[in-house]
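This report refers to the structure that appears directly beneath it.
No lab work stands behind these numbers, since they all come straight from the coordinates. The shown structure was predicted, so the numbers you read here are calculated from the model rather than taken from an experiment. Cβ sites come from the backbone with ideal geometry, for glycine too, and all protein chains shown count toward neighbours.
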Amino acid sequence: MASLKAFKGLRPSAAIAGKLASRPYDVLNSKEARVEARGNPYSLLHIIKPEIDLPDEMDEHDPQVYEKARENFAAFRKNGWLVQDDQERLYIYAQTMHGKTQYGIVGCAGVDDYLNGIIKKHELTRHEKEEDRMKHVRITNANMEPVFFTYPAVKEIDDVVASYVKSHKPVYDFEAADGIGHHFWVIEDEPIRDRIIDLFAKIPFTYVADGHHRTAAAALVGNEKRKQNPGYTGNEEFNYFLAVHFPDNQLTIIDYNRLVANLNGLSSEEFMKKLGEVFKIEPKGGSIYKPDRLHNFSMYLGGSWYSLTAKPGTYDDSDPIGILDVTILSRLVLDNILGIKDLRADKRIDFVGGIRGLGELVKRVDSGEMKVAFALYPVSMRQLIDIADTGNIMPPKTTWFEPKLRSGLVVHLLD
């Protein structure tokens, strides 16, 4: 069963929370982070993207970058921008986008749960990205950013959260520059805190929604610290890491789309002919067309949109991987026609989260940078959980969750 631990969070004051909270480290590059943090000394980007405070030409994995993270973190604490709660708490973190609010429980997940498969994942991780975050956790001795987990919704938990939110004012309540609202409560009532923990202990599994590399890094550093402390009891903070847990029925997965730079030596006519062997093709003209059901795709090529519907027999709905539209597109088009065998390594393909809109696909194709674009129908939460439960792994760049968590509303120290 899943574990949920209260902890003494390190938090900003309400006066600076909106300025300190930042987007996650992995959704913006160094150049974008420099722009976003410009003129804002409070931004957590100074800790999670510390290269922004070093010369532009410095590699973001240089040892000096990690040392800068440690230095900046110490400065934030010295300046009183991050102050530790005096009691172990759970927290509620809610986000509002397009009028819809999702409510997550902030607490610590267990290293043992990750190592023993209680925390299930649906993506592979890359060693170099794991190692980058492990170095960051080691040098700061903290989980600076939460990971994004989900669990099968439990009505009793929903009711406790709803009641608390209704009867208490949030300690943070602000709208970020992107229009997304962020609301944060500290659960100071110990019986309510303990009730949530008890209810959570009845949940058999939790699932990584977003942040596979951060999850792996946090768990692996915790395991390292165990080996460094052979007399550990299991109660030390390094046995746990920071997570926000959302019920699955409140989350939204949006589309994650593909752009390809060329047609693998084919003319547009030859390419369309090959597509016609496995898809029903319907021209949609110059107006943007968005897929409206599973196994339906939209394609933008030569200034026009097309609806592509996979023909029966080209996919396997009884297979948790075969049913995925990313699998169908990868096999039938990217691999068989365009010769893209490795989605992680091939430089001809790029991926665009649906949050940017399908107009981004038009822009990049019309500019000549890319030749063709494909938009996909979003993966469902049921598909994600089925894949994780069966021990399968989704193809790269399958899920895009919105809204993203803001980092810095609470930090977990490992000692």
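Taking neighbour Cβ counts within 10 Å as the exposure measure, how do Y300, Y93, Y103 sort from fewest upward? The most exposed by this proxy come first: Y103, Y93, Y300. Cα gyration tensor of segment 256-377, axes a ≥ b ≥ c as square roots of the eigenvalues: rounded (a/c below 1.5), prolate (a/b > b/c) or oblate? Judged from the Cα gyration tensor, segment 256-377 comes out rounded (a/c under 1.5). Bridging of K155 to lysines at a Cα separation below 19 Å is possible for K100, K166, K202, once same-chain residues fewer than 8 apart are set aside.
Measure nothing but the geometry: give the 0 to 90° angle between the long axis through the Cα atoms of 190-200 and the longest principal axis through the Cα atoms of the chain, rounded to 10°. So the inclination is approximately 40 degrees. For K31, a cut-off of 25 angstrom between C-alpha atoms picks up these lysines, skipping any fewer than 8 places away in its own chain: K19, K49, K68, K129, K135, K347, K363, K397, K404. Per-residue Karplus couplings for segment 37-50, computed as 6.51 cos²θ - 1.76 cosθ + 1.60 with θ equal to phi - 60°, are listed in order as 8, 4, x, 10, x, 7, 4, 5, 4, 5, 9, 8, 10, x Hz, Gly and Pro entered as x.
The antiparallel fraction among DSSP beta bridges confined to the chain stands at about 90%. Phi angles of segment 8-25 translate, via the Karplus equation with coefficients 6.51, -1.76, 1.60 and θ = phi - 60°, into HN-Hα couplings of 8, x, 9, 9, x, 6, 4, 5, 10, 4, x, 7, 7, 4, 9, 5, x, 4 Hz per residue; Gly and Pro are given as x. Find how many whole Å separate the alpha carbon centroid of segment 358-404 from the alpha carbon centroid of segment 1-33. After rounding, the separation between the Cα centres reads 25 Å. Approximating the spin labels as points 7 Å out from Cα along Cα→Cβ, the D366-to-I180 distance works out to 2.7 nm. Labels on offer are (1) 22.6, 69; (2) 31.0, 103; (3) 27.2, 107, and the one holding Rg and Dmax of the Cα atoms in Å computed from this structure is (1).
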